[in-house]
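S.K.: Once you've had a glance at the structure underneath, I'll fire off some questions.
The values are calculated or read from the model by the stated rules, or taken from the named source; none is laboratory data. Small disclaimer: the values here were computed from a predicted structure and weren't measured. Positions of Cβ are generated from backbone atoms using ideal geometry, with glycine treated the same way; all protein chains shown enter the neighbour counts.
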Protein chains: 2
Amino acid sequence: MDDVVARFLAGDRRALARIITRVESESAEGRDYLRAIFPHSGKSHIIGITGGAGSGKSTLTGALAGEYRRRGKTVGIVAVDPSSPFTHGAILGDRIRMQEHALDPGVYVRSMASRGALGGLAPTIDAVVSVMDAFGFDYVIIETVGAGQDEVEIAGTALTTVLVNNPGTGDDIQALKAGIIEIADVLVVNKADHPGADILVSQLRALLALAPKGSRRPEIVKTTAVKGEGLDVLADAIAANRTFLEESGGAAVQRQAHARHQVLSIARSILVEKIRHATPEDELANLVERVAARQVDPQTAAEELVTMYQPSYRVRRGERVS
Amino acid sequence: MDDVVARFLAGDRRALARIITRVESESAEGRDYLRAIFPHSGKSHIIGITGGAGSGKSTLTGALAGEYRRRGKTVGIVAVDPSSPFTHGAILGDRIRMQEHALDPGVYVRSMASRGALGGLAPTIDAVVSVMDAFGFDYVIIETVGAGQDEVEIAGTALTTVLVNNPGTGDDIQALKAGIIEIADVLVVNKADHPGADILVSQLRALLALAPKGSRRPEIVKTTAVKGEGLDVLADAIAANRTFLEESGGAAVQRQAHARHQVLSIARSILVEKIRHATPEDELANLVERVAARQVDPQTAAEELVTMYQPSYRVRRGERVS
């Protein structure tokens, strides 16, 4: 294992791929790798790129990576795909557009499932981002498909969150609806060559004017990712956001908040595993049965379950308190 | 409190509103109400209506409620809006379309935030659905905004999940991307009067043909919700799904799985609260600080946190084991 870590730290992409695979499978080996390399993380600029259906996020992500390459920087990309037991990830459509970078050693792309077993964003996304960060990429871009919950969690992981909007397809209204505009550090109006782009910019400005006084307004950037237009401005806006956050202390606050969220959410997973193992399956099944039969409500059943796990209860039963 | 419950069970809508508000705020009073009325739930047909941006979910939900009213049935609607501290739920756009039912005592509409404090679908959504169910509505419709994670969790709550697709705007591809088609019991092609509706139906048929042999194929229904077309067919398809699930035993399996998910997820919340209260804030802050400074990885920190909560650790510190 030390050998893999050494090769990883020396920049070996095969070691990177191996560690990501182990970390993603949540194996004990993966956790050991993560422990070993975690101290080397913390230097990448983590960027979240998110937006509604058909907004061209993948194209924009690929184009932004290209802009960073022109600037001599390296880029890791985590493309988050909702997991699907049905499609088995076979339908990758827009991922294909990233193949332009397939032979470039300065870009590394990894597709991941978005869902954890208990719902919510897969905890391994944070871990894979940390691995790419520790590997030494200047930028790690997380691209999420879909609009809603996932974006909000991504915003906790990313230092800079880029929300991609799309003129003319009702995505403008959708951004409001989804209520995720407040998580954006940079607002991109992509497909800026389409009619309605300027109207959308005006709508976004009007919306931002509603924000409470004194709150920082995200910058609005127009891009046409398929033609490679506006990416220099976007890269500058992202850099300006980092500078602002580092100087204002916002970055430190974000890192603290994210660390806290990670620790508590992993602790929660550990506890749920413990409670599952500590509760005999027939007692859990019995509780579930009573809820399904409407004899007891879920809150009361959950309280009973937690009580079972309490040491006092286990002592009463004559079991050993671990 | 008994008086409010008595009025609720007698069909008083003010008692219904009050109980929902208390349940939604997750107060102790709300939990008491839920305990009292939960045994009366379990009779409604819970329907999830979900789909991509601009697919006309709200219009369809309103129109389907109208169809049920014509059939002499009552309907509760839970409209799930991503919560937004910025917009404060002020932008309700398509909610307004449901106002046609505002004066109808056979329809009750409630808008809710979708996000819980720790991410994931708000646990109170399940609770509010149970309240409407216990109130005696024949149907409870959960309508979700956005595409992705939320839909998958809604599919656990709803017996019948309706996925709304939209011709011509790339939503067809989006449905595949989001990988949520496998959770659908009924596939609706809404805006069936638009060009491309029949192509979308063909595409969906082709996609379903890829499903494993022997798996049940969801029915495809064309609607034009704004004109009130196709709703009778949709209502019949939803009824057929219920009949199928009840007769095949699928409904019982779904109720068990949902009860299990609810119990475990509430237990998880209780445990996280416990661990937060059991851990002195300065010890937690210290752990978080070390993670933010990359001195320790989140997994190790979470394990330390859980260990702190272990009775053995607390005994070593001379504290009382509760």
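S.K.: Which residue is surrounded by the most Cβ atoms within 10 Å (Cβ to Cβ), if the candidates are limited to the stretch A:263-277 and must be more than 7 Å from every other protein chain (Cβ to nearest Cβ) and over 18 Å from the mean Cα position of the chain (by Cα)?
M.R.: A:274
S.K.: Does the stretch B:32-43 contain any residue that is more than 20 Å from residue B:17 (Cβ to Cβ), touching a residue at least 60 places away in the same chain (Cβ under 8 Å) and touching a helix residue (DSSP H, G or I) at 6+ places or on another chain (Cβ under 7 Å)?
M.R.: Yes, the conditions are met somewhere in the stretch B:32-43.
S.K.: Something else about it: Which residue is farthest from residue B:287 (Cα to Cα), if the candidates are limited to the stretch A:209-238 and must be part of a helix (DSSP H, G or I) and free of Cβ contacts under 8 Å to residues at least 24 places away in the same chain?
M.R.: Among those that are part of a helix (DSSP H, G or I) and free of Cβ contacts under 8 Å to residues at least 24 places away in the same chain, it is A:233.
S.K.: Right, next: Just one of B:260, B:290 is of a type in the set (Lys, Arg), at the interface with chain A (Cβ under 7 Å from one of its Cβ atoms) and part of a helix (DSSP H, G or I); which is it?
M.R.: Going through B:260, B:290 in turn, the sole match is B:260.
S.K.: Right, residue A:27: touching a helix residue (DSSP H, G or I) at 6+ places or on another chain (Cβ under 7 Å) and polar (S, T, N, Q) or not?
M.R.: The answer is no for residue A:27.
S.K.: Would you tally the residues in the stretch A:296-312 being at the interface with chain B (Cβ under 7 Å from one of its Cβ atoms) and within 21 Å of residue B:41 (Cβ to Cβ)?
M.R.: Adding up the residues that qualify gives 8.
Residues checked against (1) surrounded by fewer than 20 Cβ atoms within 10 Å (Cβ to Cβ); (2) modelled with pLDDT under 80:
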| residue | (1), (2) |
| --- | --- |
| B:6 | yes, no |
| B:47 | no, no |
| B:51 | no, yes |
| B:94 | yes, yes |
| B:106 | yes, no |
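S.K.: Just the residues that are modelled with pLDDT of 95 or more and hydrophobic (A, V, I, L, M, F, W, C), please, taken from the stretch A:235-253.
M.R.: Matches in the stretch A:235-253: A:235, A:237, A:238, A:239, A:240.
S.K.: Tell me the helices (runs of 4 or more DSSP H) entirely within the stretch B:4-82 that contain at least 2 residues that are under 28 Å from residue B:183 (Cβ atoms). Don't jump to the end; show me each part of the working.
M.R.: Details: elements: B:13-24, B:28-37, B:57-70.
Once the helices (runs of 4 or more DSSP H) in the stretch B:4-82 are filtered for at least 2 residues that are under 28 Å from residue B:183 (Cβ atoms), what remains is B:13-24, B:57-70.
S.K.: Going by the conditions given, is residue A:285 among the small types (Gly, Ala, Ser), more than 22 Å from the chain's Cα centre (by Cα) and surrounded by fewer than 19 Cβ atoms within 10 Å (Cβ to Cβ)?
M.R.: Details: among the small types (Gly, Ala, Ser): yes; more than 22 Å from the chain's Cα centre (by Cα): yes; surrounded by fewer than 19 Cβ atoms within 10 Å (Cβ to Cβ): yes.
Yes; evaluated as a whole, the condition is true for this residue.
S.K.: I need every pair where a residue in the stretch B:250-268 that is among the basic types (Lys, Arg) has its Cβ under 9 Å from the Cβ of a residue that is modelled with pLDDT under 80 and in a helix (DSSP H, G or I), sequence separation at least 6 or different chains.
M.R.: These pairs meet every condition: B:268/A:268; B:268/A:269; B:268/A:271; B:268/A:272; B:268/A:275.
S.K.: Something else now. Looking at B:14, B:31, which is the one that is surrounded by fewer than 21 Cβ atoms within 10 Å (Cβ to Cβ) and either in the same structural domain as residue B:186 (by TED's automatic domain parsing) or under 19 Å from residue B:104 (Cβ atoms) (or both)?
M.R.: Of B:14, B:31, the one residue that is surrounded by fewer than 21 Cβ atoms within 10 Å (Cβ to Cβ) and either in the same structural domain as residue B:186 (by TED's automatic domain parsing) or under 19 Å from residue B:104 (Cβ atoms) (or both) is B:14.
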